[in-house]
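Participant: Could you have a look at this structure, given as structure tokens, before my questions?
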Protein chains: 2
Amino acid sequence: MCEEIRFCSRCGTPVETRIPDGDTRPRQVCPACDSVHYVNPKLVVGSLPVWQDKVLLCRRAIEPRRGYWTLPAGFMESDETLAQAAERETLEEACARIELQGLQTIVNIPHINQVHVIYLAGLIGGQFSPGIESLETRLFSEEEIPWGEIAFHSVSLSLKHYFSDRRKGAFLLREETLDAAGNPP
Amino acid sequence: MCEEIRFCSRCGTPVETRIPDGDTRPRQVCPACDSVHYVNPKLVVGSLPVWQDKVLLCRRAIEPRRGYWTLPAGFMESDETLAQAAERETLEEACARIELQGLQTIVNIPHINQVHVIYLAGLIGGQFSPGIESLETRLFSEEEIPWGEIAFHSVSLSLKHYFSDRRKGAFLLREETLDAAGNPP
């Protein structure tokens, strides 16, 4: 996922690394057309779909972490809102329609230049099936969650928050940060 | 701010527009090295700094909207968290240190491919002064807000939410979406 900028995407000239006028950081700058090629964090957006006392997980059919379990989530596209991204990813990966209930977990992951955003959601009609990027989709009670086979630390965090909040009877938005080892820095 | 991808940033070859294998949308794809050049939304992050009964605004020294008033905010960088981005932008634009109090407004702006994230914050020590991107920095009471000279619709939304919530005595995170006319779609 590392963005490798060697050539100007506007004119094709090899870029240089320098601090642009009025900036404070080194950027990839085109010496021919002066375009500055910024690298900014990407949003990964998804949902935690709940049906009765269970949550919906997808077993990944694609790398990274093929075969591991995840919440339906993926990169936000340029023509949609956060909520639309969560609904689209849930439909694509789990063929499931959801009713969003609010932001649940936001995870900063600076070392891979991502921000993960998970919505709590109700699973409409209890209906789901594997999308093209999933090997399997399944509802899990808290006791059944395969903690050792969860694809990403941000997904584990979201699930832990959900079950903890459910016991307390109040769902709160939490912001977290994870380092390369999957721990708070 | 429109991203113009004509050449592969990895190998410099002119890109083609096609739907990559396993994808559903047209992307800019390199015919030489097969790199897919995704365009994803960018995060603009800032704060609403409060001191006593007033909020801190900055008058922009740069385009777009030079001379108009804004909350301190800017593009999130690749090596930071949302909270760090809000603190950095507030320091850069208003030379002000803040204590974050929570997410306040999230605004989806699909037509310019941005998501704006504003934190409610306390202004530490009541200290501030114009940074290099600001002509002026000033505290405003609700009655003093220059509503006709606010730089961006997302800033107006955040300010309106703040004063409304303050009257009710409870601060809530709100998610909004704005179209090209600055209205909800």
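The values are calculated or read from the model by the stated rules, or taken from the named source; none is laboratory data. Quick caveat, the model's predicted, so the values are computed rather than measured. Glycine also receives a Cβ, built like all others from the backbone with ideal geometry; neighbour counts cover every protein chain displayed. Note: areas computed on protein heavy atoms with side chains; ligands, DNA, RNA excluded. Shrake-Rupley method; radii C 1.70, N 1.55, O 1.52, S 1.80 Å.
Participant: Restricting to bridges with both residues inside segment B:57-185, how much of the DSSP beta-bridge set is antiparallel, in percent to the nearest 5? Don't skip to the end; give the middle numbers.
Facilitator: Values: 16 of 21 bridges.
Here the antiparallel bridges make up roughly 75 percent for segment B:57-185.
Participant: Another question, if that's okay. Between 0 and 90 degrees, rounded to the nearest ten: what's the tilt of helix B:153-168 against the longest Cα principal axis of chain B?
Facilitator: Here the helix axis deviates by roughly 40 degrees.
Participant: Under the rule of at least 5 residues apart or a separate chain, name every residue whose amide H is placed under 5 Å from the amide H of B:T13.
Facilitator: Distant-sequence amide H within range of B:T13: B:C8.
Participant: Provide a whole-number value for the mean count of partner chain Cβ atoms within 10 Å of the Cβ atoms in peptide A:98-108.
Facilitator: Working: counts 0, 0, 1, 0, 2, 4, 0, 0, 5, 2, 7.
Across the residues of A:98-108, the mean count of other-chain Cβ atoms within 10 Å is 2.
Participant: Compute the separation of the alpha-carbon centres of segment A:29-63 and segment A:122-151 and state it in Å as a whole number.
Facilitator: Here the two parts' Cα centres lie 19 Å apart.
Participant: Return P(r) of the protein assembly as shown (all Cα-Cα pairs; 20 Å bins starting at 0; whole %; ordered from short to long distances).
Facilitator: In whole percents, the pair-distance histogram is 26, 56, 17.
Participant: For the pair A:A32/A:E99, report the inter-label distance in nm, with labels modelled 7 Å from Cα in the Cβ direction.
Facilitator: That separation, rounded to one decimal, is 5.6 nm.
Participant: Moving on to the next point. Could you list log10 I(q)/I(0) for segment A:1-144 at q = 0.14, 0.20, 0.21 Å⁻¹, which the Debye formula gives when each Cα is one point scatterer?
Facilitator: Treating every Cα as an identical point scatterer, log10 I(q)/I(0) equals -0.73, -1.12, -1.20.
Participant: For the protein assembly as shown, build the charge dipole from Cβ charges (+1 Lys, Arg; -1 Asp, Glu) around the Cα centre, then report which of A:A83, A:S35, B:T17 sits farthest towards its positive end.
Facilitator: Toward the positive end, the furthest listed residue is A:A83.
Participant: Which percentage, to the nearest 5, of the DSSP beta bridges contained in the protein assembly as shown is antiparallel? Numbers along the way, then the final one.
Facilitator: Numbers: 58 of 86 bridges.
Close to 65 percent.
Participant: Heavy-atom accessible area per residue, segment A:66-109, 1.4 Å probe: how many Å²?
Facilitator: That works out to 35 Å² per residue.
Participant: What are the ³J(HN,Hα) values, in whole Hz, obtained from phi via the Karplus relation 6.51 cos²θ - 1.76 cosθ + 1.60 with θ = phi - 60°, for each residue of segment B:121-130 in sequence order, with x given for Gly and Pro?
Facilitator: 8, x, 7, 6, x, x, 9, 6, 6, x
Participant: Which lysines, if any, have their Cα less than 20 Å from the Cα of B:K168, not counting same-chain residues under 8 positions apart?
Facilitator: B:K54, B:K160
Participant: Please report, largest first and rounded to whole Å, the three semi-axes of the ellipsoid equivalent to segment A:134-176, where each semi-axis is the square root of five times an eigenvalue of the C-alpha gyration tensor.
Facilitator: Working: eigenvalues 81, 36, 15 Å².
Ellipsoid half-lengths, sorted descending, are 20, 13, 9 Å.
Participant: For segment B:69-148, just run the numbers: alpha carbon Rg, then divide by 2.2 N^0.38 Å, N being how many residues it has.
Facilitator: Values: Rg = 13.1 Å, N = 80, 2.2 N^0.38 = 11.6 Å.
Normalised Rg, Cα atoms only: 1.13.
Participant: Please give the FRET efficiency for B:F171 paired with B:E144, using the beta carbon to beta carbon distance and R0 = 30 Å, rounded to the nearest 0.05.
Facilitator: Numbers: r = 21 Å, r/R0 = 0.69.
Step by step, r from the Cβ atoms, then E = 0.90.
Participant: I would also like to ask the following. Buried accessible area between B and A (1.4 Å probe, both chains summed, ligands and nucleic acids excluded), in Å² to the nearest 100? Walk me through the intermediate numbers first.
Facilitator: Working: alone 10430 and 10430 Å², together 17570 Å².
The summed interface area works out to 3300 Å².
Participant: Can you give me the long-range amide H partners of B:R18? Hydrogens built in the peptide plane at 1.01 Å from N, cutoff under 5 Å, separation of 5 or more residues or another chain.
Facilitator: B:R27, B:V29
Participant: Determine, at each q value in 0.18, 0.25, 0.26 (inverse angstroms), the log₁₀ of I(q)/I(0) that the Debye formula gives when each Cα of segment B:1-85 is one equal point scatterer.
Facilitator: Debye intensities relative to I(0), on a log10 scale: -0.88, -1.17, -1.21.
Participant: Would you tell me the mean number of C-beta atoms belonging to other protein chains that fall within 10 Å of each C-beta in B:41-47, as a whole number? Provide the component values of the computation, followed by the final result.
Facilitator: Numbers: counts 13, 6, 6, 1, 2, 0, 0.
The per-residue average across the peptide is 4.
Participant: Here's another thing I want to ask about it. Spelling out what I want: for every residue of segment B:79-86, take phi, set θ = phi - 60°, compute 6.51 cos²θ - 1.76 cosθ + 1.60 (Karplus), and round to whole Hz; glycine and proline get x.
Facilitator: These are the phi-based 3J(HN,Hα) values: 10, 9, 8, 4, 5, 5, 4, 4 Hz.
Participant: Hey, can you grab everything whose amide H is under 5 Å from the amide H of B:E175? Only 5+ residues off in sequence or another chain; H modelled, so Pro and N-termini drop out.
Facilitator: For B:E175, the qualifying residues are B:I106.
Participant: Here is a further query. In nm, give the distance between the simple-model label positions of A:D23 and A:D53, each being 7 Å from the Cα along the Cα-to-Cβ direction.
Facilitator: 5.5
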